[in-house]
Amino acid sequence: MLTLDQTLLPHEERWIRLERWTDVAEAISTMRVRGAPLIGAAAAYGVALAAREDPSDGALDRAAATLLGTRPTAVNLRWALERTRRALGRVPEEEREAAAYHEAAAICEADVAANRSIGEHGGKLLRALAARNPDRPVRVLTHCNAGRLATVAWGTATAPVYLAHAEGLPVHVWVSETRPRSQGLLTAWELARAGVAHTVVTDSACGHLLARGEVDVCLVGTDRTTARGDVANKIGTYPKALAAREAGVPFYVAAPSSSIDWSLASGAAIPIEERDGDEVRVVGGVVDGARRSARILDRATDVANPAFDITPARLITGLITERGVALATRAALADLFPEHADASS
Ligand code: MRU
């Protein structure tokens, strides 16, 4: 499996080959491969690589359990692993590798289609905002990277932006830096390649921009959305939702159904990944063309590094799914996805 090493971006574009399922597990946990939909797709290929080594039930279960443990918050990982494991259920061992590749490819295709639809539904919202202020671009605020890099194609939160841009609608994106892993720089990198106007700001600047009326809409991704519409997304999302509510700015979450956890009602039940403190203590960059890191806090300094926060449904204007835009309520989600209504009651 060939993938971009996202830990090297935006300074270096290097494709890496993941030969074994353990390489996939390492790439997900170190965030070479990151973004909820992409880690789901990668994990499905991880099962295929595991089946190549040993297609027995025991070996596949062990690989799937390890892959599942790499990132606890994004539910796409569990969704993709369960789907792939289920597809192999009654398949004879000698055919399991091919069947797993087939399922992984189907997961990728579904991701592309879902994101394209999210782009179309979200694009209508952007066009409506543009109609209100035809003399200037629609000003979108996003956080983290819910873009092409985080998915198989289009991105989730960026899909409406890319489609609107392709149609000639002027859009400007405020890109929140997203400490400590700086995924905002990934968003800036991909927006630049697509020719979409954007400005990077520190996470701390976003409340100010919202209060000053510089933002028309917030558009973010999700790692896990509960059946009643609470959203876990990258740390720093919740304060933006609070500031957006105070400023009267709509706050939308691009939420493919692969990231909805129908078994949970409250966001409080979502496991929040706590990552290594050195992500906060050490910063990286490029000096004279060479990658360098600098320690800004010594090892002895206690830090906390929760990787996600929960935005309660009440702060969310709407969830943009592949089937349309839903209010962040159990009833509205169940209406769009009636096949899951039982699991969520
Ligand atoms: O820790 P990351 O970089 O994998 O977190 C990514 C996010 O929080 C994204 O917003 C989310 O996965 C949606 S990606 C389409």
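Remarks
- In plain terms, the residue of 199, 237 with the fewest other Cβ atoms within 10 Å comes first and the most crowded comes last, giving 199, 237.
- Rg/Rg_globular for the range 42-89, with Rg_globular taken as 2.2 N^0.38 Å and Rg from C-alpha atoms: 1.02
- Axial C-alpha extent at least 27 Å, average Kyte-Doolittle at least -0.5 - helices from the chain (DSSP): 96-132
- For the range 289-342, average projected area of the Cα convex hull in nm²: 8.4
- Tail fraction, Cα-Cα pairs, the range 100-239, threshold 27 Å, whole percent: 18
- Taking 0.36 nm per residue of sequence separation and removing the Cα-Cα distance, the residue 26/residue 211 pair yields an extension gain of 62.5 nm.
- By DSSP, the beta bridges lying fully in the chain are antiparallel in about 50 percent of cases.
- Highest mean first, the peptides 20-32, 214-226 sorted by other C-beta atoms within 10 Å per residue fall in the order 214-226, 20-32.
- Solution diffusion estimate, µm²/s, Stokes-Einstein, the chain, Kirkwood Rh from C-alpha pairs, 4 °C, viscosity 1.567 mPa s: 63
- Taking every C-alpha pair closer than 8 Å and separated by at least 6 residues, the mean separation divided by the residue count of the chain gives a relative contact order of 15 percent.
- Sorting 150-160, 277-287 by their mean Cβ neighbour count within 10 Å, with the most densely packed peptide first, gives 150-160, 277-287.
- Using alpha carbons only: equivalent-ellipsoid semi-axes of the range 137-176, gyration tensor based, whole Å: 17, 13, 5
- Rg followed by Dmax, in Å, when the range 66-140 is reduced to its Cα trace: 19.4, 62
- 3J(HN,Hα) along the range 133-139: 9, x, 8, 8, x, 6, 9 Hz, from the Karplus curve 6.51 cos²θ - 1.76 cosθ + 1.60 with θ = phi - 60°, whole Hz, x for Gly and Pro.
- Taking only the C-alpha atoms of the range 105-185, Rg followed by Dmax gives 13.3, 43 Å.
Bear in mind that the values in this text are calculations on the coordinates, not laboratory data. Owing to the predicted nature of the structure, the values given are computational and were not obtained by experimental measurement. Note: ideal-geometry Cβ built from the backbone for every residue, glycine included; neighbour counts use all protein chains shown.
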